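The values are calculated or read from the model by the stated rules, or taken from the named source; none is laboratory data. Values in this document were obtained by computation on a predicted structure and should not be read as measured data. Cβ: placed from backbone, ideal geometry, glycine included. Neighbour counts: every protein chain shown. Heavy atoms of the whole protein, side chains included, go into the accessibility calculation; ligands, DNA and RNA do not. Shrake-Rupley method; radii C 1.70, N 1.55, O 1.52, S 1.80 Å.
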Amino acid sequence: MQQSEAKQEGTVQAVQTVEKEEAKEMQKRPDLKDMTRQELREFIKELGQPAFRGDQIFSWMYGSATEVSQMKNLPKQLQQLLSERSFLTCHKIERVQRSKSDGTRKYLFRLADANTVESVFMKYKFGNSICVSTQAGCRMGCRFCASGIQGLARSLSAAEIAEQVLAVQRDTKERISHIVLMGTGEPFDNYDNVAKFLRLVHDEKGLNLSLRNITVSTCGLIPQIRRFAQEFPQVNLAVSLHAASDEVRNQLMPINKTYPIAPLLAACREHAKETGRRTTFEYTLVRGINDSQAHLKQLSGLLSGMNCHVNLIPMNPVSEKSYRGTDRRFAAEFCKGLSDRGIPATVRRELGSDIDAACGQLRLNAQK
Ligand code: SAH
């Protein structure tokens, strides 16, 4: 390398280091997007400004603004103050995969600290839905899932969960009406931030989303299921069951050793009774592990009489794992078997099959 080139490279590196340091400093400031409207009003008052400015900022953030300078009805002096004293979470789109067949889009976002998360945008007859991640990585270690392979990097803030919805709305220019918390991570392992996220998107000056259009999926953390029934009775609950016996569930989901099937189903019954809402059970069909006629009988016995619906998902192959998915034809038979026994069931529609990658795979591939 020529001396001048080396010098130039050194300068570039130095600039990058300064930029990284600046970014770190910025992230230490309070994140406007991580504040409820009330918190934002308080924050604005502390800056010596009238509280209604907090409402204006809130509306801008849930509209199109990604920077304070775009919030046109704020006085210049307040914009300046905010850019010095606060931070605004904004995800960078690292990759998008677009399905040609049905409009599904899979996003990989880069967060401010260089972690990545995935979200999926799906079009349905009833509206547009998004599947969001609640953690970067996961520590639950389900055997067929790509999300847990590298463990948990960290939990996401409420702002980082909400920003997935906002970034996708900005990119698609379409309104999202339904949210499922079924991306990477265990929502109930990040309960407080997930709860705040639900309040943020429900706010009438935010996305004004109906809580009834939101579904939280858990691997079955019982204490949080109980708390959730009290705090968010309008939000739908999905529980990843994946097996009808502790023997099989222990093999697929380590969490079953802490929260086995019997007390888990008792908590689900309680949740359904208290909220009046039907529990969804997710059942990933893993070839030769949980998809036989005997498993079918066991499962229908277990769920008989419950206010529930079973969502069957033929396992998406994950190259790092040895398990294989059940063929869709057998999945349809399994589904019919459940329906015949009085358990409402459907096989999850395959959306974006041309871009399909199992849960957490886009993120995993990006890190290789
Ligand atoms: N931690 C939450 C939400 C994350 S995953 C939970 O466990 O419910 C959403 C669903 O996809 C879960 O039911 C999960 O078990 C399932 N899943 C994960 N990897 C899968 C794969 N390779 N094939 C099919 N379903 C998978």
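Suppose the filter is open to solvent by less than 20 Å² (accessible area, probe 1.4 Å), within 16 Å of the ligand (Cβ to nearest atom), assigned by TED's automatic domain parsing to the domain that holds ASN311 and out of contact with any helix residue (DSSP H, G or I) (no Cβ under 9 Å at 6 or more places or on another chain); does GLN164 pass it? In short, yes.
Condition check for VAL216 on (1) more than 10 Å from the ligand (Cβ to nearest atom); (2) open to solvent by less than 10 Å² (accessible area, probe 1.4 Å); (3) outside any loop (DSSP other than H, G, I, E, B): one failure, at (1).
Yes/no per residue for (1) touching a His at 6+ places or on another chain (Cβ under 8 Å); (2) open to solvent by less than 30 Å² (accessible area, probe 1.4 Å); (3) at pLDDT 90 or above:
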| position | (1), (2), (3) |
| --- | --- |
| ALA294 | no, no, yes |
| ILE313 | no, yes, yes |
| PRO317 | no, no, no |
| SER353 | no, no, no |
| ASP356 | no, no, no |
| GLN361 | no, yes, no |
| GLN367 | no, no, no |
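On the stretch given as region 219-245, residues that are among the polar types (S, T, N, Q) and either part of a strand (DSSP E or B) or not assigned by TED's automatic domain parsing to the domain that holds LYS273 (or both) total 2. Filtering region 312-343 to residues that are more than 15 Å from the ligand (Cβ to nearest atom), out of contact with any helix residue (DSSP H, G or I) (no Cβ under 8 Å at 6 or more places or on another chain) and of a type in the set (Lys, Arg) leaves ARG329, LYS336. State which residue is nearest to the ligand (Cβ to nearest atom) when the search covers only region 181-213 and only residues that are closer than 20 Å to MET122 by Cβ and open to solvent by 30 Å² or more (accessible area, probe 1.4 Å). Result: MET182. If only residues of region 99-130 that are of a type in the set (Asp, Glu) and part of a loop (DSSP other than H, G, I, E, B) are counted, the one that is most open to solvent (accessible area, probe 1.4 Å) is ASP113.
Taking region 121-135 on its own, how many of its residues are farther than 17 Å from ASP192 by Cβ and either away from the ligand (no atom under 11 Å from the Cβ) or small (Gly, Ala, Ser) (or both)? Selection size over region 121-135: 10. Does GLU231 count as closer than 28 Å to SER59 by Cα, out of contact with any Leu (no Cβ under 6 Å at 6 or more places or on another chain) and open to solvent by 20 Å² or more (accessible area, probe 1.4 Å)? In short, yes. Of all residues in region 186-213, those that are out of contact with any Asp or Glu (no Cβ under 8 Å at 6 or more places or on another chain), part of a loop (DSSP other than H, G, I, E, B) and in contact (Cβ under 8 Å) with a residue 60 or more places away in the chain total 3.
Taking the conditions (1) open to solvent by less than 40 Å² (accessible area, probe 1.4 Å); (2) touching a residue at least 60 places away in the same chain (Cβ under 8 Å); (3) under 30 Å from GLU282 (Cα atoms); (4) touching a strand residue (DSSP E or B) at 6+ places or on another chain (Cβ under 7 Å) in turn, VAL96 satisfies each one other than (1).
Which of the residues belonging to region 277-287 are more than 15 Å from the ligand (Cβ to nearest atom) and open to solvent by 60 Å² or more (accessible area, probe 1.4 Å)? Step through it out loud before you land on a result.
Step one: of region 277-287, the residues more than 15 Å from the ligand (Cβ to nearest atom) are 277-278.
Across region 277-287, the qualifying residue is only ARG278.
Inspect region 136-145 for any residue being in contact with a Cys (Cβ under 9 Å, 6 or more places away or on another chain), within 14 Å of the ligand (Cβ to nearest atom) and open to solvent by less than 20 Å² (accessible area, probe 1.4 Å) and give the result as yes or no. Yes. If CYS90 satisfies all but one of (1) under 25 Å from ASN193 (Cβ atoms); (2) assigned to a helix (DSSP H, G or I), what's the number of the condition it fails? Going through the list (1) under 25 Å from ASN193 (Cβ atoms); (2) assigned to a helix (DSSP H, G or I), CYS90 breaks only (2).
Can you confirm whether ARG29 is at pLDDT 95 or above, surrounded by 12 or more Cβ atoms within 10 Å (Cβ to Cβ) and either among the polar types (S, T, N, Q) or not assigned by TED's automatic domain parsing to the domain that holds HIS202 (or both)? If you could, list the steps in order and put the result at the bottom.
On the way: at pLDDT 95 or above: no; surrounded by 12 or more Cβ atoms within 10 Å (Cβ to Cβ): yes; either among the polar types (S, T, N, Q) or not assigned by TED's automatic domain parsing to the domain that holds HIS202 (or both): yes.
Considered against the rule, which asks whether it is at pLDDT 95 or above, surrounded by 12 or more Cβ atoms within 10 Å (Cβ to Cβ) and either among the polar types (S, T, N, Q) or not assigned by TED's automatic domain parsing to the domain that holds HIS202 (or both), ARG29 comes out as no.
Of the set (1) closer than 19 Å to ALA345 by Cα; (2) within 16 Å of the ligand (Cβ to nearest atom), all apply to ALA272 but (2).
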